[in-house]
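The values are calculated or read from the model by the stated rules, or taken from the named source; none is laboratory data. Bear in mind that the values here come from a model prediction, so they are computed numbers and not experimental data. Virtual Cβ from ideal backbone geometry, glycine too; neighbours counted across all protein chains shown. For the accessible areas, the whole protein counts, side chains as well, though only heavy atoms, and no ligand, DNA or RNA atoms are used. Shrake-Rupley method; radii C 1.70, N 1.55, O 1.52, S 1.80 Å.
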Amino acid sequence: MLAMMLFSGCKQSNETGAAASSSRPEYALVIHGGAGTIRREDMSPEKEAAYTAALNQALDIGEEVLRNGGSAMDAVEAVIVFLEDTPLFNAGKGAVFTNDGRNELDASFMNGATREAGAVAGVTIVKNPIRLARKVMENSVHVMMAGKGAELFAKEQGLDTVPPEYFFTQERWDGLQRAIDRENKSTGALDPAHNDSKFGTVGCVALDKSGNIAAGTSTGGMTNKRYGRVGDAPIIGAGTYADNATCGVSATGHGEFFIRYTVARDIAALMEYKGLSLNEAADMVVNKKLVEAGGEGGVIALDRNGNVAMPFNSAGMYRGYAKPGKREVGIYKE
Ligand code: ASP
């Protein structure tokens, strides 16, 4: 059994105590379960334990694939399917509600070995949107499919579909009612960010024994979102990116900013063009560029040498990473 540690006092959101390494571990895996106003004082011990257990279980699932020589892509898919099926997170079962009380899911997937990618937006009946994003990448000539067409493709590909009610959870429904209440009491502005202090997207980046990187992200988006709104999660280069030459990235936060600042690709570009380390690049984008712009959230990222970065500028981010003999799981900043 690997040593497990719940760290909560870590100011730096990279691997604790680790300098950038140029010797690659056999495999590496990093995950997130969303960023936002996640504070210790608002969390019950039971809830904290449930999130910690789920994050550890996700790492177990990914490590098992990678330890047995499975591909980074298989690890990313298996981990995200688990997180989508876990109602604690805002992806798959547990997705947040739109303003009109629906669940519209977005996901994307990228193979760092080939830079092939697949993405889906606004799907309502696909049990595991991450599987569909991978199918778009592998079995279509397109990169992104949305709405009804994406759902038809899911059926053609033999993926599990469910009635929309499958995605209902009382907690997310109550969250929508609170958001609508708050909105009615304030300016009435159509900004979901101000109506939901927690995000909750899930993501995973993996490096396998062959040195290949893959990344994926899946989300219900933001509580109280309007009219076909699509966030950054299914946008390649914004919410997800993977390139063996630099890094893999999965993002979580206020998607409109992550799209406008092309966050995931910007981190890879800073490494590619400016020679920054993974930590420097991720830190610059999340803690400088996004902070200056007012974009709340964070990323998980992994480079070809298995270095891990998990910066976030919000109060907390559900996160964790694992390598042979090493594991950390965290929730809060301070
Ligand atoms: N980035 C997601 C979106 O804007 C939300 C999240 O990360 O929770 O749709």
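Label 7 Å along Cα→Cβ of S210; the range 54-73 residues with amide nitrogen under 17 Å?
Only 65-73 pass the distance filter.
Quick one: with all protein chains in place, what share of the accessible area of the chain is carbon or sulfur, to the nearest percent (1.4 Å probe)?
Accessible surface attributable to carbon and sulfur in the chain totals 51 percent.
Enter the accessible area per residue of the range 61-209 (Å², integer; probe 1.4 Å; all protein chains in place). Please list the in-between numbers first.
Working: 6200 Å² over 149 residues.
Averaged over the residues of the range 61-209, the accessible area is 42 Å².
Quick one: dipole size for the range 194-334, taken about the Cα centre, charges +1 on Lys/Arg Cβ and -1 on Asp/Glu Cβ, in debye to the nearest 20. If you can, show how the numbers build up before the last one.
Working: 16 positive and 14 negative charges, 51 e Å.
Dipole about the Cα centre, nearest 20: 240 debye.
Where nothing but the Cβ of Lys and Arg (+1) and of Asp and Glu (-1) is charged, how large is the charge dipole of the range 207-261 around its Cα centre, in debye to the nearest 20? Display every interim value, and only then the final one.
Values: 5 positive and 4 negative charges, 51 e Å.
About 240 debye.
Among 231-241, 151-161, how do they line up from the highest to the lowest mean number of other beta-carbon atoms within 10 Å?
On the way: 231-241: 29.2, 151-161: 15.2.
Ranking the peptides 231-241, 151-161 by packing returns 231-241, 151-161.
Might you tell me the accessible area per residue for the range 247-325, computed with a 1.4 Å probe and given in Å²?
On a per-residue basis, the range 247-325 sits at 32 Å².
What relative contact order, as a whole-number percentage, does the chain give when Cα pairs under 8 Å and 6 or more residues apart are counted?
28 percent
Could you go through the range 236-251 in sequence order and give the Karplus-derived ³J(HN,Hα) for each residue, using 6.51 cos²θ - 1.76 cosθ + 1.60 with θ = phi - 60°, rounded to whole Hz, and x for Gly and Pro?
Residue by residue, the range 236-251 yields 5, x, 9, x, 9, 7, 8, 8, 3, 6, 10, 6, x, 9, 10, 10 Hz.
What whole number of Å gives the distance from the Cα centroid of the range 235-253 to the Cα centroid of the range 51-104?
Cα centroid of the range 51-104 versus Cα centroid of the range 235-253: 17 Å apart.
Which entries of K185/K225; K289/K326; K274/K333 show an alpha-carbon separation above 21 angstrom in the structure shown?
Table pairs above 21 Å Cα-Cα are K289/K326; K274/K333.
Run the dipole for the chain about the Cα centre, Lys and Arg Cβ at +1, Asp and Glu Cβ at -1, nothing else charged, and hand back the magnitude in debye, nearest 20.
The dipole magnitude comes to about 280 debye.
What ranking, highest mean first, results for peptides 294-300, 248-254, 39-45 when packing means the other Cβ atoms within 10 Å averaged over each residue?
Descending packing order for the listed peptides: 248-254, 294-300, 39-45.
Please report the relative contact order for the range 234-325, taking Cα pairs under 8 Å with a sequence separation of at least 6, and give it as a percent rounded to a whole number.
Numbers: 157 pairs, mean separation 25.0, N = 92.
Normalised by residue count, the contact order of the range 234-325 is 27 percent.
What order do you get for 140-150, 58-68 when each peptide is scored by the mean count of other beta carbon atoms within 10 Å, highest first? Write out the running numbers ahead of the final one.
On the way: 140-150: 16.0, 58-68: 20.1.
Taking the mean over residues of other Cβ atoms within 10 Å, the ranking is 58-68, 140-150.
Among L132, I267, V120, flag the residue with its Cα farthest along the positive direction of the charge dipole of the chain, charges on Cβ as +1 for Lys/Arg and -1 for Asp/Glu.
My answer, from the dipole projection, is I267.
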